[in-house]
Amino acid sequence: MGGAAEYYRDKLGFTIKGYFFEEPLVFAIVGRDDLTIMLALMKGGRGGSNRDHKAIGIGAYVWVEDADSLYAQLQASGADIVAPPALRIYGMKEIEVRDLDGYVLCFGQDVPAAAE
């Protein structure tokens, strides 16, 4: 798996739930809060960002409760932060990070509009 599961654990705050089909490892499952991601071995190379094909592509979008707290955790762990927290016009505060294989994950917090 080339360290992908360990990167999710060490840099992105996930736990490793298991490895499957050893020698070589073919699948790993990682999780954070209620989210579970399955990582699969890619033969003949590494993965890559959807941004290789379009300007604003992401590999996954994850809803979170507290983007600022997550950002502090990601900074402290040395994660590859692509974009710090930013409030978007559609009411989401988003952080973008890059994983070991180049995939960009976006973590977004719903920020309700101020009551008028």
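State in Å² the accessible area per residue of the chain; use a 1.4 Å probe, count heavy atoms of protein chains only, and round to the nearest integer.
Here the residues of the chain average 62 Å² of exposed surface.
How high is the relative contact order of the stretch 1-44? Use alpha-carbon pairs under 8 Å, at least six apart in sequence, and give a whole percent.
With pairs under 8 Å counted, the relative contact order is 33 percent.
Compute the FRET efficiency between Ala60 and Ala83 as 1/(1 + (r/R0)^6), taking r as their Cβ-Cβ distance and R0 = 22 Å, and round to the nearest 0.05.
Computed FRET efficiency for Ala60 and Ala83: 0.90.
Please work out how much length the chain gains when fully extended from Ala72 to Lys17, using 0.36 nm per residue of separation minus the C-alpha to C-alpha distance, in nm with one decimal.
My answer for the length gained is 17.4 nm.
Which label marks the calculated value of Rg and Dmax of the Cα atoms in Å, given the options [x] 13.6, 39; [y] 15.2, 60; [z] 13.6, 45?
Label [y] holds the value from this structure.
For the stretch 95-112, in order, what is each residue's ³J(HN,Hα) by Karplus, 6.51 cos²θ - 1.76 cosθ + 1.60 with θ = phi - 60°, in whole Hz (x at glycine and Pro)?
10, 10, 10, 10, 8, 4, 9, x, 6, 9, 10, 10, 9, x, 10, 6, 10, x
Grab the DSSP H runs of the chain that are 4 residues or longer, score each as -39,500 (n - 2.57), total them, divide by all residues and round the 222 nm result to the nearest 500 deg cm²/dmol.
-4500 deg cm²/dmol
Hey, what do the phi angles of the stretch 12-29 turn into as Karplus ³J(HN,Hα) couplings, whole Hz, using 6.51/-1.76/1.60 and θ = phi - 60°, x for Gly and Pro?
With coefficients 6.51, -1.76 and 1.60, one gets 10, x, 8, 10, 8, 8, x, 10, 9, 6, 5, 6, x, 4, 10, 10, 9, 10 Hz.
Can you list the HN-Hα couplings for the stretch 80-87, worked out from phi with the Karplus curve (6.51, -1.76, 1.60; θ = phi - 60°), rounded to whole Hz and with x for Gly and Pro?
7, 7, 7, 8, x, x, 9, 7
Could you grab the relative contact order for the chain? Cα pairs under 8 Å, six or more apart, rounded to a whole percent.
Relative contact order, the chain: 23 percent.
Carbon and sulfur together cover what percent of the accessible area of the chain at a 1.4 Å probe radius?
Answer for the chain is 54 percent, counting heavy atoms of protein chains only.
The values are calculated or read from the model by the stated rules, or taken from the named source; none is laboratory data. All values reported here derive from a predicted model rather than from experimental measurement. Quick reminder, even Gly has a Cβ in these numbers, built from the backbone with ideal geometry, and neighbours come from all protein chains shown. Each accessible area value is taken on the protein alone, full model and side chains, heavy atoms only, with ligands, DNA and RNA left out. Shrake-Rupley method; radii C 1.70, N 1.55, O 1.52, S 1.80 Å.
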